[in-house]
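The block underneath contains the structure these notes are about, expressed in structure tokens.
Read-outs throughout are calculated quantities, based only on the coordinates presented, and are distinct from any laboratory measurement. None of these values were measured; they are calculated from a predicted model. When we count neighbours, we look across all protein chains shown, and the Cβ atoms used for this are built from the backbone with ideal geometry, even at glycine.
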Amino acid sequence: MSVKAKWNERYRVATREQQAARVLEENLHLLPGAGRALDLACGWGANALLLARQGLEVVAWDIAEVPIAALRETAQGLGLNIRAQVRDVESQPPMAETFDVIVVSYFLNRGIIPALIQALRPGGLVYYQTFTRQRVSDRGPRRAEFRLADQELLHLFCGLQLVLYREEAGIGDVHRGLRDEAMFIGRKHD
């Protein structure tokens, strides 16, 4: 079964999740007042919808047709201008200096990180949140290669100015805070 077919099948049986990534929700104040944003591997498009509500011109990409069709319908119903497209970002990463904001949540492909950095315009922001190998629950992928090593986002995006980083692992009360995940915001130098 192809990757595309696998994800389409997962979305056919899944409930529509309309919760934007915490890294984005908690840091909306850092977004530019205008500009072009990409929700990469967007799934149902909760990040795209939130970005569009903030007044940004939004592009949303996912490899699966099922969530893209649903996002188009939702955006149209809400009167939001989102260009949702089926796109394999591994074979077609974004072009250089085309986005002011890039949001990635719960998708990890280390090989496209350099292309994401290049795709940011000067002063652009990347918001990234995904699962870590250090975890306190069973949430997220089982395979280690789909989870971040300790502080890996700091290394992957070392060419960007660090704006925010959070990775709590198993420190303190594991029933509170951000567990099983890391979040990062980085800014491309002007």
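Taking the simple approach of a point 7 Å from Cα along Cα-to-Cβ for both GLU97 and GLN76, what is their distance in nm?
Each label point is offset 7 Å from its Cα along the Cβ direction, giving 3.6 nm.
For LEU164, what residues show an amide H to amide H distance below 5 Å, using hydrogens built from the backbone and excluding near sequence neighbours?
ILE185
Can you put VAL89, VAL59, VAL13, VAL101 in order of Cβ neighbours within 10 angstrom, beginning with the fewest?
Exposure proxy ranking, most exposed first: VAL13, VAL89, VAL59, VAL101.
Can you tell me the Rg and the Dmax, both Å, for the Cα atoms in segment 11-141?
14.1, 41
Roughly what % of DSSP beta bridges within the chain run antiparallel, to the nearest 5?
Percentage antiparallel, nearest 5: 35.
Helix-derived [θ] at 222 nm for the chain: sum -39500 (n - 2.57) over DSSP H runs of at least 4, divide by residue count, nearest 500?
Mean residue ellipticity, 222 nm, calculated: -7000 deg cm²/dmol.
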